[in-house]
Amino acid sequence: MFKKLLILLFFIIPQCLFSQAQFVKDTLFASGDSVVVSATRSERKLSNSTVPVTLINAQTIQQTGSIRLTDILKEQTGLTMTSGFGAGVQLQGLNPDYTIILINGEPLVGRTAGVLDLNRIALGNIKKIEIVKGPSSSLYGSEAMAGVINIITDATSKIPLEASLRMGTYNTKDIILNNGLRSKSVFYQGFYNYYATDGYSIRPSSNNRITTPINRLTTSQQFKFNINDRTRILLNARLTDETIKSNIAVSNGGVTINSNGNEHNTDANLSATLNYHFTPNLKTSFRSYLTNYISKQDLLTISGAPYNDLLNHLFKRIENQTDWTLRKNLNGIFGMGAVWEGVKSSRYDSDKLRKENTIQYGFTQWEWTPINKLIIIGGIRFDKNASYASAWSPKLSMLYKLNPSHKIRLSIGQGFKAPDFRQLYLDFTNAAAGNYSVFGSAQAQKVIGQLSSLGQIGGLYNNYYLLKALQPESSTGMHLSWEWTPTNKTFISTQLFRNDITNLIEVQQVGTYISGAQIFSYLNIGRAFTQGAELEFKQNINNHLVLSGGYQYLITGDKDQIAQIKAGTVYTRNASNISTRLTMSDYIGLPNVSKHKAQLKINYSNDKGLFANFRIIYRSKWAVNNTNGNQVYDNGDDFAKSYYSLHSSMGKEFNNGIAVQIGADNINNYIDAIHLPNLAGRTYFINLKYQIKYKN
Amino acid sequence: MKKQLLKIGFVLVAAIQIVACTKSEIMPIPVVTVSTKVVKDLIADTVLGLTSTGMPYSAGKYTFYSLENNAIVPSTDSASAKWDLAFMSTRILTNGGTSGPALGGAFIYSGLFDDLKTISTDSIFKTDNAPTYAITTGSGKGWYTYDQLTSLITPLAGRVLVIRTASGKFAKLEITSYYKGGVTLPVSASDVEKLTKQRYYNFRYTYQSNGSKVFLN
């Protein structure tokens, strides 16, 4: 059915293409200079931002047919989606743990093994997405080590009613209802989304589904009150509730135990903000935020034994930020806040007891424009943590406008990621796989001490004696970019980046039980780096066609491993399994990182509401498993193959408010069930939308 | 002319030296050539099936091996000095200490098999003292790693087992694979394949029969 429709449309569209002769957009920048907030925590023109920011607007999201955050992020330069514990995002080679995800500036919580599942975030009411690359802890604190992804919604939508229905392969349904109300001073935006899929199985002759059946409900309610010229109140509420059918297979010594049941996740966010302008040059905002993420797994193994898992993360924050324009070319912001957070988990010693942490922080940032061509921003933040060491995060960035068509940006900053609750408090023994235990570092010595007095400890490793209060993982990042707009139809940007990471928290064996089963805990031991280059371009071919693309070259490495390789103490195996000495030329670096990633897009649009696009995404091979008997990733290990996927979408908006869109993803049907479980085979969708617009 | 004379003189001296050398070498030390032998798919208590609760089971028996004879020793000779090593799943015994009546011992050398030309005199051979063994058991501690996620056993690269045999002679040994056919099983192999193809030792070793700690190649 879909196929036929698609073929039909392919025939129709070329005719439309050539019958259109009218001018739509003359330049890339027809809509004016965009405004971004994430880079400096204050509204700034994108062209004046001193750090690299990627901006994705609602139109792009809609035209690519993206419905979850993962859909659109995977098409961005420098971003790679990861699988395992949901879909996470790797930014410039750093794992999902190191990128903070914000909705309207407030952080989302509820990570599993450091990964925040980005499928949780619906895009149906998004105004724009801002991606800041590079350490941004000077403004956002922990987690903003690789960068920041800020999802921005807007209460002041001009659409009073919008309804859309999307149907796709694997019985996937996505229903959206947006409604808005506005008066002179009160704005309301409501968003409702229901998503369901049967999931898919891409392993032939297996009923084991890669993506299991999901039912997901999201709602968001936003109010904005302009009380008077000086005072504004914003209220946001968001709720995501999902039920995922689970069929988990746990392998132990080659024996697989199947469990069936449900995973139920609830993510609630509430925020209230008061903005007040004392004078046009002095304004302040008070923000309060509460979020709760509850994840429950209720499974039954085949033998009938129950398996339950609970995670309950509660996060509260209050914050004040004051923006002060001292002079025309000098302004500063001051902020301070307090966070209280607590986690209950069945993987800690007791799921009744909440593990808690408090953070108090303060930050300031100054922006100085000594001459018109130069903007310099310096900022620093201090985080005082109750459960682990405190952190200072400075950042310095600058923008130099050589002339109207050349811009150079340079930023140097420090980022950190605080030890998470799992690394501090985990108390988990895997009865399903060899009875090994992992204890959080905050209580490993206590727990092991108790086990020892019960005579259960077989031996302690040197690492046990090195256990101490964990330090935050920290990085120093440097970004240098050059932006060139030779004509108003061409945009080229190149960027060099380097991140040096210290104090990486890694799982290490600290001892053994009498039975020989291993005991693990967390230590600050690793040192690593990521560095590379990015190239992005956009070219208006004519009034209707825009070609754009991006490429990232990335190299990573574990500094301690490199030292060992250079010392000649790391070995590998040749084709006949004989040990040989590993050389740097065979060293790969960090796992799950591809050296090359690229995408190319061509977009067509006209002023009759017709659009079509074609996108190619490429990712080169990446190391997935250590298989040749050393602890280092090298050319002799297990790799996921390089691949590309083709995506296309097209649609038309009619004057009466109806819009139709069809699309196909992974047209070339690339499948790698083991390494890319989130990539279904070829899928199709059709989307119908009805919109009532205000006339103005 | 002078130069040529010098050259001839040089050659003459060299020739005399060569003759002298060969003469002295013929005489005293009996040369025992050592060769490196390859052992394939030595069965080490392979998995027989699954119990009703789904756990793998096996006969629980060691395979005894003589490095001197490069042959399996019947288990009836387990209490003798006829074997040097005994294999059962990932555990390897040496014929000494709590494991056997002879002089066996071992230690693990980090480095390349070919680079180990002489066992240094300060090396300490450990003997089996159950439940600890000269060839340390456990993932990452002795000769292999076990990956909890993939259930695969991988011999550590750059590890040489230095063996003192039952008769007190020396050998060096490198394990190349734990799987049938000497293959490295892919992560994606089925659970059944991972179970049925494991516990097959593939290794190469050099045995020095003259009792010295020097391996000539």
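Which of the numbered conditions does A:Ile562 fail, given that it passes all the others? Conditions: (1) more than 25 Å from A:Pro52 (Cα to Cα); (2) within 14 Å of chain B (Cβ to nearest Cβ); (3) surrounded by fewer than 22 Cβ atoms within 10 Å (Cβ to Cβ).
All conditions pass for A:Ile562, except number (2).
Answer with yes or no whether B:Thr154 is part of a strand (DSSP E or B), of a type in the set (S, T, N, Q) and at the interface with chain A (Cβ under 8 Å from one of its Cβ atoms).
Yes, satisfied.
Sort out which residues of segment A:634-651 are within 13 Å of chain B (Cβ to nearest Cβ) and within 27 Å of the chain's Cα centre (by Cα), and write them in order of number.
Scanning segment A:634-651 gives A:Asp638, A:Phe639, A:Ala640, A:Lys641.
Being open to solvent by 60 Å² or more (accessible area, probe 1.4 Å), part of a strand (DSSP E or B) and more than 14 Å from every other protein chain (Cβ to nearest Cβ): is that true of A:Leu523 here?
The answer is no for A:Leu523.
Residues that are without any contact (Cβ under 8 Å) to a residue 60 or more places away in the chain: list the strands (runs of 3 or more DSSP E) wholly contained in segment A:77-192 that include at least 3 such residues.
Numbers: elements: A:79-82, A:88-91, A:99-103, A:126-133, A:147-153, A:161-168, A:172-182.
Fully inside segment A:77-192 and qualifying: A:99-103, A:172-182.
Within the bounds of segment A:656-678, is there any residue that is in a strand (DSSP E or B), within 14 Å of another protein chain (Cβ to nearest Cβ), open to solvent by 30 Å² or more (accessible area, probe 1.4 Å) and at pLDDT below 90?
No, segment A:656-678 contains no residue that is in a strand (DSSP E or B), within 14 Å of another protein chain (Cβ to nearest Cβ), open to solvent by 30 Å² or more (accessible area, probe 1.4 Å) and at pLDDT below 90.
For (1) more than 14 Å from chain A (Cβ to nearest Cβ); (2) in contact with a helix residue (DSSP H, G or I) (Cβ under 7 Å, 6 or more places away or on another chain); (3) buried (at least 21 other Cβ atoms within 10 Å of the Cβ), each residue gets a yes or a no:
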{"residue": "B:Ile92", "(1), (2), (3)": "yes, no, yes"}
{"residue": "B:Tyr109", "(1), (2), (3)": "no, no, no"}
{"residue": "B:Phe113", "(1), (2), (3)": "no, no, yes"}
{"residue": "B:Thr132", "(1), (2), (3)": "no, no, no"}
{"residue": "B:Thr136", "(1), (2), (3)": "no, no, no"}
{"residue": "B:Tyr144", "(1), (2), (3)": "no, no, no"}
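Just checking: which of the strands (runs of 3 or more DSSP E) contained wholly in segment B:157-217 hold 2 or more residues that are closer than 22 Å to A:Asn635 by Cβ, open to solvent by less than 30 Å² (accessible area, probe 1.4 Å) and touching a Phe, Trp or Tyr at 6+ places or on another chain (Cβ under 7 Å)?
So the answer is B:170-179.
For (1) within 11 Å of chain A (Cβ to nearest Cβ); (2) over 28 Å from A:Val570 (Cβ atoms); (3) modelled with pLDDT of 90 or more, each residue gets a yes or a no:
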residue: B:Val160; (1), (2), (3): yes, no, yes
residue: B:Gly168; (1), (2), (3): no, yes, yes
residue: B:Lys172; (1), (2), (3): no, no, yes
residue: B:Ile175; (1), (2), (3): yes, no, yes
residue: B:Tyr201; (1), (2), (3): no, no, yes
residue: B:Thr206; (1), (2), (3): no, no, yes
residue: B:Ser212; (1), (2), (3): no, yes, yes
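Could you check, for segment B:177-194, whether at least one of its residues is more than 9 Å from chain A (Cβ to nearest Cβ) and closer than 20 Å to B:Ala134 by Cα?
Looking through segment B:177-194, at least one residue is more than 9 Å from chain A (Cβ to nearest Cβ) and closer than 20 Å to B:Ala134 by Cα.
Taking only segment A:546-566 into account, find how many residues are among the hydroxyl-bearing types (Ser, Thr, Tyr) and over 16 Å from A:Lys74 (Cβ atoms).
Of the residues in segment A:546-566, 2 are among the hydroxyl-bearing types (Ser, Thr, Tyr) and over 16 Å from A:Lys74 (Cβ atoms).
Among (1) in contact (Cβ under 8 Å) with a residue 24 or more places away in the chain; (2) open to solvent by 40 Å² or more (accessible area, probe 1.4 Å); (3) within 14 Å of chain B (Cβ to nearest Cβ), there is one condition A:Thr569 misses while meeting the rest; what is its number?
(1)
Among the residues of segment A:542-554, how many are in contact with a strand residue (DSSP E or B) (Cβ under 6 Å, 6 or more places away or on another chain) and surrounded by fewer than 17 Cβ atoms within 10 Å (Cβ to Cβ)? If you could, list the steps in order and put the result at the bottom.
As a first pass, look at segment A:542-554 and keep what is in contact with a strand residue (DSSP E or B) (Cβ under 6 Å, 6 or more places away or on another chain): A:544-554.
Cutting the leftovers down to surrounded by fewer than 17 Cβ atoms within 10 Å (Cβ to Cβ) gives us A:545, A:547, A:553.
Looking only at that region, the number is 3.
Within segment A:138-160, identify whether any single residue is hydroxyl-bearing (Ser, Thr, Tyr), open to solvent by less than 10 Å² (accessible area, probe 1.4 Å) and farther than 30 Å from A:Asn228 by Cβ, and answer yes or no. Even if it seems obvious, please write down each step before you answer.
Initial filter on segment A:138-160 (hydroxyl-bearing (Ser, Thr, Tyr)): A:138, A:140, A:142, A:153, A:156-157.
Still in the running and open to solvent by less than 10 Å² (accessible area, probe 1.4 Å): A:138.
Right, trim to farther than 30 Å from A:Asn228 by Cβ and you get A:138.
Yes, some residue in segment A:138-160 is hydroxyl-bearing (Ser, Thr, Tyr), open to solvent by less than 10 Å² (accessible area, probe 1.4 Å) and farther than 30 Å from A:Asn228 by Cβ.
Tally up the residues in segment A:631-655 that are under 30 Å from A:Val570 (Cα atoms) and open to solvent by less than 10 Å² (accessible area, probe 1.4 Å), please.
3
What pairs come up if the first residue lies in segment B:56-67 and is touching a residue at least 60 places away in the same chain (Cβ under 8 Å) and in a loop (DSSP other than H, G, I, E, B), the second is hydroxyl-bearing (Ser, Thr, Tyr) and surrounded by 20 or more Cβ atoms within 10 Å (Cβ to Cβ), and their beta carbons are under 9 Å apart, counting only those six or more places apart or on different chains?
Once the first residue is touching a residue at least 60 places away in the same chain (Cβ under 8 Å) and in a loop (DSSP other than H, G, I, E, B) and sits in segment B:56-67, its partners that are hydroxyl-bearing (Ser, Thr, Tyr) and surrounded by 20 or more Cβ atoms within 10 Å (Cβ to Cβ) give B:Leu67/B:Thr165; B:Leu67/B:Tyr205; B:Leu67/B:Tyr207.
How many of the residues making up segment A:679-696 are among the aromatic types (Phe, Trp, Tyr) and either within 14 Å of chain B (Cβ to nearest Cβ) or not in a strand (DSSP E or B) (or both)?
Adding up the residues that qualify gives 1.
Which members of segment A:324-357 meet the condition of being under 20 Å from A:Val37 (Cβ atoms), out of contact with any Leu (no Cβ under 7 Å at 6 or more places or on another chain) and open to solvent by 40 Å² or more (accessible area, probe 1.4 Å)?
Across segment A:324-357, the qualifying residues are A:Thr325, A:Phe334, A:Met336.
The values are calculated or read from the model by the stated rules, or taken from the named source; none is laboratory data. Quantities reported herein were computed from a predicted structural model and do not represent experimental measurements. Methodologically, a virtual Cβ is constructed for each residue, glycine included, from the backbone with ideal geometry; neighbour enumeration extends over all protein chains shown. Side chains included, ligands, DNA and RNA excluded: accessible areas come from the protein's heavy atoms. Shrake-Rupley method; radii C 1.70, N 1.55, O 1.52, S 1.80 Å.
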